[in-house]
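Worksheet: the structure to be examined is printed underneath.
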Amino acid sequence: MKPHSRLHIPQPPSRPGQPPDFSYLELSAAGGVPRPDVNARVRDLDFLASGLVRVLDEQHQAVGPWHPHLEPAELQVGLRHMLLTRIYDERMQRTQRQGRISFYMRSLGEEAVSVAQAMALRPGDMLFPSYRQQGLYMVRGRPLVDLMCQLLSNTRDMCRGRQLPVMYHWASGRIFSISGNLATQFPQAVGWAMAAALKGEDDIAATWIGEGASAEADFHHGMVFAAVYRAPVILNVVNNQWAISMFQGFAGGENRSFAARGLGYGVAGLRVDGNDFLAVYGATRWAAERARTGAGPTLVELVTYRGAAHSTSDDPARYRPRDDYERWPLGDPVERLKKHLIALGEWSEERHAALVSELGQLVTTSWKTAVGFGTLTDGPHLDPDLMFEDVFEEMPAHLERQRAELAAERRAGVAAGNT
Amino acid sequence: MNMIQALNSALDLMLERDSAVVVMGEDVGYYGGVFRVTDGLQRKYGEHRVLDTPIAEGGIVATAIGMAVNGLKPVAEVQFADYIYPAYDQIVSELARLRYRSAGEFTAPVTIRTPCGGGIRGGQTHSQSPEAIFAHVSGLKVVMPSNPCDAKGLLIAAIEAPDPVIFFEPKRLYNGPFDGDPDKPAVPWSTHPKGEVPDAYYRVPLGKAEVVRQGEQITLVTYGTMVHVCEAAARRLGLDAEIIDVRSMVPLDIETIAASVQRTGRCVVAHEATRFAGFGAELSASIQEHCFWSLEAPIQRVAGWDTPYPHAFEWEYFPGQVRVMRALEAAMEAQ
Ligand SMILES: Cc1ncc(C[n+]2csc(CCOP(=O)(O)OP(=O)(O)O)c2C)c(N)n1
């Protein structure tokens with residue numbers, strides 16, 4: 001038979017009802033990937049895009065050149081932030097189920113990405129996250145009450161009622177406003193970094209994009225500008241294997257790693273075990289040093305798994321095996337760091353249980369405070385007039401008129417018997 | 001049928017009747033779409049007819065154009081109208097003008113389906129109604145049904161059309177008619193005559209408005225979710241209003257609209273999208289051109305405010321019954 005062209009349709013390794021299969025995942029042993037000098041030439045770094053930087057081994061020991069040698073106290077802080085992120089996520093998911101907030105997105109299984117990366121960066125570095133890096137806020141210390149008030153769109157909402165839950169921002173904490181439109185932040189972070197370099201400052205930018213969203217043209221824009229100007233930026237692709245119902249093969253991950261995309265642009269690409277707190281920390285430090293010393297951008301692929309549903313709007317049992325996450329070969333980032341600390345003699349199950357309950361308490365008391373500032377259904381409510389503010393710095397006449405019209409409409413509504 | 005089932009039925013029939021039809025988009029294949037409009041289609045027609053695509057709206061539309069040029073009839077889904085902008089260049093500069101610039105040698109009969117509108121607590125990035133920015137572009141047909149029966153017939157007509165069609169689906173209407181009152185219990189389409197949808201193939205022609213209620217006192221010109229809001233508002237005021245569902249923004253059935261306004265002498269135009277340079281501006285200008293000498297009062301416009309769609313103030317933003325009633329009263333009062 002004559003060979004003919006064929007349309008290839010990517011197939012996830014397993015669908016509901018089938019046993020999970022992660023044989024497609026290429027792993028390296030902990031400590032197995034060399035750590036090049038930060039000023040090495042990009043063309044000498046190709047091997048980093050196919051290996052997998054790992055530090056924690058099967059015996060919970062930290063090994064190899066990427067080991068960041070953190071003090072136990074710092075590791076405990078990291079564990080705390082990851083746990084807080086997870087407990088916060090669980091509780092907020094529950095409040096959504098109870099109808100207290102309209103929507104939520106968890107980062108279950110991916111906590112090491114945002115926590116270790118934020119810890120490895122400096123407070124002055126500017127972060128451009130997607131919607132699944134709430135750990136950044138934990139590390140930078142935004143009070144939970146503030147985050148909850150955003151979820152509630154209440155009178156203390158930082159977004160003044162305008163954004164969907166989880167679309168936080170924090171200018172003074174140097175975390176950019178989250179967009180509902182995928183991938184837009186990726187090239188924006190590059191621009192921020194270009195400006196930092198133009199101004200001669202040594203703050204760098206870091207940005208996060210899902211592997212699914214890396215299919216958007218904005219990914220290309222970010223890569224090409226970062227490459228051309230050698231912008232001081234860390235470009236993170238969070239490969240959590242799934243983009244709603246579509247596995248990473250639909251973003252082009254079947255034959256080459258996402259890190260390998262850097263090579264074609266002349267950008268260093270680094271593939272990292274995203275569930276290994278120490279590896280993520282070590283890799284981020286390396287990328288940050290490259291950025292801060294003029295060596296340019298790094299594309300970091302964080303290999304992880306989206307443990308929960310995409311959001312409160314979908315049911316993953318419809319598109320992947322129920323026990324997929326349990327079989328994920330890179331384990332759970334919280335458990336792995338915890339076991340490492342225990343192996344070091346710096347942690348125990350008792351201390352862990354105590355921390356879990358302490359953080360649970362913190363979430364509970366924060367929530368009580370937050371709902372005191374109102375919920376979507378119970379007062380106090382934000383003043384609807386706020387809707388017309390911040391469209392422009394100065395309100396133009398047509399918006400002034402519309403604001404007055406809304407006030408008249410609300411009076412008429414009351415008169416007409418509307419609730 | 002509800003609107004989701006009606007759209008699904010249209011796609012099903014077209015996939016069956018015409019082997020050139022392919023359905024494509026984010027999560028539309030195995031999962032059946034985030035709103036389930038393509039549910040079951042991949043199982044029935046296979047992965048080569050119903051394709052999951054990379055998350056890249058520009059890529060989806062661009063490849064749909066290429067496929068269409070090569071003889072297919074792609075029906076591309078953009079998951080939310082709010083996410084259509086990465087495809088804007090491909091739609092405006094390419095899809096809309098291919099026939100024109102190649103003097104008809106190349107054409108791209110692509111249908112782009114996309115859920116629009118608010119009322120689902122989607123905040124500013126899951127609530128937009130961007131029909132005007134497509135209606136403004138020469139070469140695109142622009143459609144928005146207000147009920148399951150029209151949705152099916154219009155989608156079939158759109159897929160069969162030789163020109164590109166942007167097909168907006170008001171997502172608040174997917175599961176039932178919605179009259180603008182969020183506190184009322186939701187009602188299913190089975191309670192509404194337009195929820196009666198034939199299983200068989202049929203078309204609702206593009207470019208034809210429908211008089212959904214006949215009346216003598218005033219004409220309400222509207223489309224999408226606002227058809228139901230306008231009906232409720234007119235009823236509340238006890239007005240004998242004629243209500244016209246535009247259905248197709250491009251081409252616009254100005255004859256039906258003008259005939260009504262010439263008779264009633266009064267007119268309110270209503271849509272959910274922002275007001276400034278919204279499609280209501282085109283409606284009101286066209287009506288004025290056709291009906292100036294019959295008008296007894298200035299044409300009133302009802303719309304969303306000229307702000308992004310805010311999450312917390314969804315119902316203050318949404319042009320609900322009271323906003324329509326105030327416009328109706330203004331149009332009735334003026335001499
Ligand atoms: C431009 C755009 N297109 C589509 C969507 C709808 N959408 C929201 S999240 C998502 C999947 C993203 O997956 P990925 O980038 O892998 O990130 P993850 O959710 O897995 O963290 C999609 C398709 C969107 N928000 N913006």
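The values are calculated or read from the model by the stated rules, or taken from the named source; none is laboratory data. These numbers were taken from a predicted model, which means no experiment stands behind them. When we count neighbours, we look across all protein chains shown, and the Cβ atoms used for this are built from the backbone with ideal geometry, even at glycine.
Key figures for this structure:
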| read-out | value |
| --- | --- |
| Conditions (1) within 11 Å of the ligand (Cβ to nearest atom); (2) in contact (Cβ under 8 Å) with a residue 40 or more places away in the chain: number failed by A:ALA215 | (2) |
| Residue among A:GLU405, A:GLU358 that alone is more than 30 Å from B:ARG323 (Cα to Cα) and either among the aliphatic types (A, V, I, L, M) or part of a helix (DSSP H, G or I) (or both) | A:GLU358 |
| Any hit, region B:285-300, residues being within 19 Å of the chain's Cα centre (by Cα) and of a type in the set (Gly, Ala, Ser) | no |
| Strands (runs of 3 or more DSSP E) enclosed by region A:226-321 - at least 3 residues per element that are away from chain B (no Cβ under 14 Å) and either among the β-branched types (Val, Ile, Thr) or within 13 Å of the ligand (Cβ to nearest atom) (or both) | A:233-239, A:298-303 |
| Verdict on A:VAL414 being more than 8 Å from chain B (Cβ to nearest Cβ) and surrounded by 12 or more Cβ atoms within 10 Å (Cβ to Cβ) | no |
| Leading residue by the ranking (farthest from the other protein chains (Cβ to nearest Cβ)) among those in region B:1-32 that are within 16 Å of the ligand (Cβ to nearest atom) and surrounded by fewer than 24 Cβ atoms within 10 Å (Cβ to Cβ) | B:MET24 |
| Qualifying positions in region A:322-354 - under 16 Å from A:ALA116 (Cα atoms) and assigned to a helix (DSSP H, G or I) | A:PRO333, A:VAL334, A:GLU335, A:ARG336, A:LEU337, A:LYS338, A:HIS340, A:LEU341 |
| Tally, over region B:102-112, of residues that are away from the ligand (no atom under 14 Å from the Cβ) and in contact with a helix residue (DSSP H, G or I) (Cβ under 9 Å, 6 or more places away or on another chain) | 7 |
| Helices (runs of 4 or more DSSP H) contained entirely in region B:261-335, each with at least 3 residues that are surrounded by fewer than 17 Cβ atoms within 10 Å (Cβ to Cβ) and either within 13 Å of another protein chain (Cβ to nearest Cβ) or not charged (D, E, K, R) (or both) | B:279-291 |
| Where B:ILE55 falls short, out of the listed (1) over 25 Å from B:PRO170 (Cβ atoms); (2) crowded, with 18+ Cβ neighbours inside 10 Å; (3) among the aliphatic types (A, V, I, L, M) | (1) |
| Cβ pairs under 6 Å, 6+ apart, first in region A:284-295 and without any contact (Cβ under 8 Å) to a residue 60 or more places away in the chain, second not small (Gly, Ala, Ser) | A:ALA287/A:ILE234; A:ALA287/A:THR298; A:ALA287/A:VAL300 |
| Which listed residue, of A:ASP203, A:ASP146, is within 25 Å of A:GLN96 (Cα to Cα), more than 13 Å from chain B (Cβ to nearest Cβ) and not small (Gly, Ala, Ser) | A:ASP146 |
| Residue tally, condition within 9 Å of the ligand (Cβ to nearest atom) and in a helix (DSSP H, G or I), over region B:71-86 | 4 |
| Which numbered condition A:GLN163 fails, given (1) within 14 Å of chain B (Cβ to nearest Cβ); (2) among the polar types (S, T, N, Q); (3) under 17 Å from the mean Cα position of the chain (by Cα) | (3) |
| Residue check, B:ALA62 within 16 Å of the ligand (Cβ to nearest atom), surrounded by fewer than 20 Cβ atoms within 10 Å (Cβ to Cβ) and within 13 Å of chain A (Cβ to nearest Cβ) | yes |
| Region B:82-113 - residue that is surrounded by fewer than 24 Cβ atoms within 10 Å (Cβ to Cβ) and among the polar types (S, T, N, Q) and, of those, nearest to the other protein chains (Cβ to nearest Cβ) | B:GLN90 |
| Count - residues of region B:120-136 that are out of contact with any Leu (no Cβ under 9 Å at 6 or more places or on another chain) and either modelled with pLDDT of 95 or more or buried (at least 19 other Cβ atoms within 10 Å of the Cβ) (or both) | 8 |
| Check on A:LEU182, of a type in the set (A, V, I, L, M), in contact with a helix residue (DSSP H, G or I) (Cβ under 7 Å, 6 or more places away or on another chain), away from chain B (no Cβ under 12 Å) and within 16 Å of the ligand (Cβ to nearest atom) | no |
| So A:ALA404, is it of a type in the set (A, V, I, L, M, F, W, C) and more than 26 Å from the chain's Cα centre (by Cα) | yes |
| Residue within region A:372-383 that is away from chain B (no Cβ under 12 Å) and part of a helix (DSSP H, G or I) present | yes |
| Conditions (1) away from the ligand (no atom under 13 Å from the Cβ); (2) assigned to a loop (DSSP other than H, G, I, E, B); (3) over 19 Å from the mean Cα position of the chain (by Cα); (4) within 14 Å of another protein chain (Cβ to nearest Cβ); number of the one not met by B:GLY118 | (3) |
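Results for (1) among the aliphatic types (A, V, I, L, M); (2) closer than 24 Å to A:ASP273 by Cβ, shown as yes or no for each residue.
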position	(1), (2)
A:GLN150	no, no
A:SER153	no, no
A:TYR168	no, no
A:ARG174	no, no
A:PRO187	no, no
A:TRP192	no, no
A:LEU198	yes, no
A:GLY210	no, yes
A:VAL238	yes, yes
